[in-house]
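Nothing in this text is a laboratory measurement; each read-out follows from the coordinates by a stated rule. Everything numeric here is computed off the predicted structure, so don't read it as measured data. All Cβ positions, even for glycine, are placed from backbone atoms using ideal geometry, and neighbour counts span all protein chains on display.
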Amino acid sequence: MSLSSALEPVKPAYRKIAKRNYSVLPGFSLSLGYTLFYLCLIVILPISAVFIRASELSWPEFWEIVTAPRVMASYKLTFGASLAAAAINAVFGLMLAWALVRYTFPGKRVVDALIDLPFALPTAVAGIALTALYAQNGWIGQYLEGVFGIKVAYTPLGVLVALIFIGVPFVVRTVQPVLEDLETELEEAAASLGARRWQSFYYVVLPVLTPALLTGFALAFARAVGEYGSVIFIAGNMPMVSEITPLIIITKLEQFDYLGATAVAAVMLVVSFLLLLLINGLQAWTAKRTGRSR
């Protein structure tokens, strides 16, 4: 009997052992189980509780709560200010990223570190600081109101300022890596063909940066929609004027209107989920345009 024929009965068992020992992800079953358990416990269960509690309302009751005039005014301010802040951050965040990548100047590292300050700074501290700056007797507010007649604190404009502050790092940190990887030879080639600087930027640089810029815009918008701590101090929280939707939810909870709070929260969760889908789509587009596989 040959050696190969003698080993024939044990080959299937050997293949199973080899497949088990040389798996790409050792302990996959345990890792997957722990991941799903953690995800359900931390994310899915709390989110499901909101929808389950909101389902206790009938559809007319739910619709009456989420479309009340005060709630609708908060939607308008929250989403409108968030959209405007994200648009402003898209423009000036691109300028900041461009300056940090393309130029060398004194204090560049300090400026680069300050970009991340809204990430590290507690939102309540940011709100108090902005209120102190833009109040009627603040360092900046006294000149804006006294000279130009522009009141910032305790108005919707104050909400916009706070949302711009917390959103700008998302645009800068999204655009900056793409801009660093962009080869300057493309701009030099465009210049050698007679293109002006604005033409090189518009036709060569901007198409490459657009996916990352849109991703940063979406991230800043999503962050602004759910912002609470930095806004309540500078907004003034006047119903129908400067009251944001997260504050509506907190107010209903303080009044023990749990069903009303969960109804409004369910609307915000649906919007946040749609934003998450949009962000993932933009990130996939960015990866495709820049040649980075995900």
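Summary of values
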{"read-out": "Of Thr131, Thr104, Thr245, the one that fluctuates the most in a GNM where the chain has Cα springs shorter than 10 Å", "value": "Thr104"}
{"read-out": "Cross-link reach list, aspartates and glutamates versus Lys76, counting only Cα pairs under 20 Å and skipping chain neighbours closer than eight places", "value": "Glu64, Glu227, Glu243"}
{"read-out": "Sites Met238 and Leu186 - FRET efficiency at Förster radius 45 Å, r taken between beta-carbons, to 0.05", "value": "0.30"}
{"read-out": "Simple spin-label estimate for Leu253 and Phe51 in nanometres, 7 Å along Cα-Cβ", "value": "2.1"}
{"read-out": "Paramagnetic reach from Val270 in the range 74-109 [backbone N under 19 Å; point 7 Å along Cα→Cβ]", "value": "74-80"}
{"read-out": "Size of the range 207-262 as Cα extents on the principal axes (Å, biggest first)", "value": "50, 25, 18"}
{"read-out": "Area projected by the alpha carbon convex hull of the range 68-290, averaged over all directions, nm²", "value": "14.8"}
{"read-out": "Relative contact order of the chain, defined on C-alpha pairs under 8 angstrom at six or more residues apart (%)", "value": "27"}
{"read-out": "Built amide H within the under 5 Å cut-off of Glu243, gap 5+", "value": "Met238"}
{"read-out": "Calculated FRET efficiency for the pair Ala195/Ile128, C-beta based, R₀ 51 Å, to 0.05", "value": "0.60"}
{"read-out": "Ordering of 272-281, 90-99, 257-266 by packing [mean C-beta count within 10 Å, highest first]", "value": "257-266, 90-99, 272-281"}
